[in-house]
Structure formats: structure tokens, C-alpha cells
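For reference, the structure discussed in these notes is given below.
Bear in mind these aren't lab numbers, they're just calculated from the coordinates by the rules spelled out. Given the structure is predicted, the values throughout are model-derived calculations rather than measurements. Methodologically, a virtual Cβ is constructed for each residue, glycine included, from the backbone with ideal geometry; neighbour enumeration extends over all protein chains shown.
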Amino acid sequence: MSGRTHFQELMKTMRQSVLKMAAVVEEAMNKAVAALSAKDEELAREVIENDRVIDEMQISIEDQCAVLIATEQPVATDLRDILTAIKLAADLERIGDHARHLARAVAKIGDSPYFQVVPHIEKMAARGVGMVHDALTAFVEHNADQAREVAARDDEIDNMYKTLHRQVLDIMENNPGTMDRGIDLMFLARFLERLGDHVTNMCEWIVYSRRGTHIELNP
């Protein structure tokens, strides 16, 4: 195997690692939402306990990228791809943290007046997970235009957050004895809003990997 072929195989493995991490993160988000919807505390615990797997995958990707930089001396587009993989892994890890926060809310929200907003949370999380999936597709396919399109969807997440925020405020006003749970849900809504921000960050790096210039999407 030639040196260039060996390098390309290592790059392929690195990209596959990022894809696997994204799949695990997507699954964590979907399970967390399912746990909240079904008031399933056992499933919620599974999401919380498996968060360490996501952390370990981030470390593994960083290690792979460090080896590529140290031993293969990549330049130009290849180096940008490696740097982008490191950044994507970092944002995916934070999204995994949001799934853990969502799972922890199951015990607090399940039997409270706030359970009525769960369908909105489901829609918001599903939109965010879809953005994650499509951003990773753009990364693998080296498609900067698709990355821009995915980032533009963050406006939808922001609007959904505003609606959820108003709904929670209304419930808090009508149920003053549940203010503590309302505050918890406010933080949860903010975590979901941040999911879109993380995907936007990912898309900015995907565009950088293709264009070689840093741009701010959704300023």
C-alpha cells in the first residue's frame, strides 16, 4: 500500500468514526425524547449512563486526528478536514450532554402540568436531530452548499424555542406552586435551542473545510 493510499484509508476511518459518533448522539436524543414522552425513567437512566460512550468517542476521534497530523503531515484540504472532524466531535459531545439533560428531566416533568408541552419538545428535538444528520451528510459528501442550507434551519429551532418558552411561562403563571419545575423546563428548552446553535457551528466548519475561509452562518 502506497503512502498516499494509507493516508486516505486513515482519513476514511476518521470520517467513519465521526459518523458513528453522530449516530450514537442521534440515538441518545431520540431515546431521551421517547423516555420523556412515555415517562420511562428506566430508558432515561440508560441515556444518562451511556453518555460516557459519547465522551469516549470524542476522545478517540481527537486521538485519531492527532496521529494523522503528527505522522502524515497533511496540508490544505486534508488538514482542514481533520480540524473540522475535531470540531464536529466537540459539538456532537455537547449535543450528547443535551440528551442527558433531557433524560434527567423525565422524573421532574412526568407528572406535572408541564407534561402538556412534551409534544412541542418532541418536534423541536426531532428538528434538531434532523439537522445533525444532514450536517454529517454534508461533511461526508464535502458539500458546502448543503451545510449552508442545514444551518439556515436554525431559525426554525429558534422560533420553536420562543413558542415553548411562552407555553412554559403560561403554565408557571397558572400553577405558581410548580415554579421550580417550570424553571427546570426553561433550562431544558434552552438546551434544545442550543442544539441548533451547535449544528450551525458544525456547518460553519464544514464550509471552512471546503472553502478554506471562516464564515458566520446565521449571524
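Things to note:
- As a proxy for reagent exposure, Met21, Met11 were ordered by neighbouring Cβ count within 10 angstrom, fewest first; the result is Met11, Met21.
- Available extension along the chain between Gln8 and Lys20 is 2.5 nm, counting 0.36 nm per residue and deducting the alpha carbon span.
- In sequence order, segment 169-177 has phi-based couplings of 4, 4, 5, 4, 5, 8, 9, x, x Hz under the Karplus curve 6.51 cos²θ - 1.76 cosθ + 1.60, θ = phi - 60°, and Gly or Pro positions carry x.
- Karplus-derived 3J(HN,Hα), 6.51/-1.76/1.60, for each residue of segment 31-42, Hz, glycine and proline x: 5, 5, 5, 4, 5, 5, 5, 8, 6, 9, 6, 5
- Candidate cross-link partners of Lys162 among the lysines, defined by an alpha-carbon separation under 20 Å and a same-chain spacing of 8 or more, comprise Lys123.
- Toward the positive end of the charge dipole of the chain, with +1 on the Cβ of Lys and Arg and -1 on the Cβ of Asp and Glu, the farthest Cα among Ile86, Val150, Gln16 is that of Val150.
- Cα-based Rg of the chain normalised by 2.2 N^0.38 Å, two decimals: 1.12
- Per-residue ellipticity at 222 nm from helix content only, as computed over the chain with -39500 (n - 2.57) for each DSSP H run of at least four residues, stands at -29500 deg cm²/dmol.
- Relative contact order, percent, the chain [alpha-carbon distance under 8 Å, six or more residues apart]: 26 percent
- Under 16 Å from Lys20, Cα to Cα: lysines that are on another chain or at least 8 residues apart: Lys12, Lys87
- Sorted by Cβ density within 10 Å, fewest first, the residues Tyr208, Tyr114: Tyr208, Tyr114
- Shape category assigned to segment 47-94 from the gyration tensor of Cα positions, a/c cut at 1.5: oblate
- Which of Leu188, Leu43, Leu92 has the fewest Cβ neighbours within 10 Å, and the rest in rising order: Leu43, Leu188, Leu92
- Tilt relative to the chain, helix 76-104 - C-alpha long axis, 0 to 90 degrees, to 10: 20 degrees
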